[in-house]
Structure formats: structure tokens, C-alpha cells
1. Loop only by DSSP, 11 or fewer other Cβ within 10 Å of the Cβ. Give me the trypsin sites (Lys or Arg not before Pro) in the chain that pass, ordered by residue number.
2. Enter the accessible area per residue of the chain (Å², integer; probe 1.4 Å; all protein chains in place).
3. Looking only at GluC sites (Glu not before Pro) in DSSP loops with at most 14 other Cβ atoms within 10 Å, what is the longest site-free stretch of the chain?
4. Which entry is the computed percent of Cα pairs over 16 Å apart for this structure: (i) 55; (ii) 64; (iii) 31?
5. On a 0 to 90 degree scale, rounded to 10, what angle separates helix 32-42 from the longest Cα axis of the chain?
6. So if I place +1 on the C-beta of Lys and Arg and -1 on the C-beta of Asp and Glu, and nothing else carries charge, what would the dipole magnitude of the chain be about its Cα centre? I want it in debye, nearest 20.
7. Name all residues of region 25-51 having a backbone nitrogen under 13 Å from the label point set 7 Å from the Cα of residue 8 along its Cα→Cβ direction, giving them as ranges.
8. In whole percent, and with a 1.4 Å probe on the protein chains, what portion of the accessible area of the chain is carbon and sulfur?
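The values are calculated or read from the model by the stated rules, or taken from the named source; none is laboratory data. In this text the structure is predicted, and so the values were computed from the model without any measurement. Cβ coordinates were reconstructed from backbone atoms using ideal geometry, including for glycine residues, and neighbour counts include every protein chain displayed. In case anyone asks, the SASA skips ligands and DNA or RNA and just uses the protein heavy atoms, side chains included. Shrake-Rupley method; radii C 1.70, N 1.55, O 1.52, S 1.80 Å.
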Amino acid sequence: MLRKAFENSMAGKGTSVVEVVSTCSSGWKMTPEQSNGWMVENMFPFYPLGDLKNVEY
């Protein structure tokens, strides 16, 4: 997605927005496995992966 956003920008096709969802296991005081599980359970339902809108001109 990042590559596609840069390629579209360089080709003059407009603006792209890429949202990155990440964990902070040390800030959450969880192991990496626990924080990944938390993200899958609590973040992915609200921030689905994939193209939300992909318009080709």
C-alpha cells in the first residue's frame, strides 16, 4: 500500500492516505504476542485491512 501510494503520487494521480495500525507492547506492558492479540481483537474490527476506496482515473 505504501508503494502504491508513492507511485500514484509520483505519477500525478492525486493524493493517497495510508493508515498504519501498530502496537506498543512496552507502553501497554504486554508481551509482543499479547499486544498483537489485543490489536486483532480490539483494533481490526474498527480498522479493517485493505483498500477502503481505490479509484483509478
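1. Within the chain, the qualifying trypsin sites (Lys or Arg not before Pro) (loop, at most 11 other Cβ atoms within 10 Å) are 29, 53.
2. Per-residue value: 90 Å².
3. The longest such stretch corresponds to 20-55.
4. So the structure-derived entry is (i).
5. 70
6. Rounded to the nearest 20 debye, it is 140 debye.
7. Answer for region 25-51: 50-51.
8. That share works out to 57 percent.
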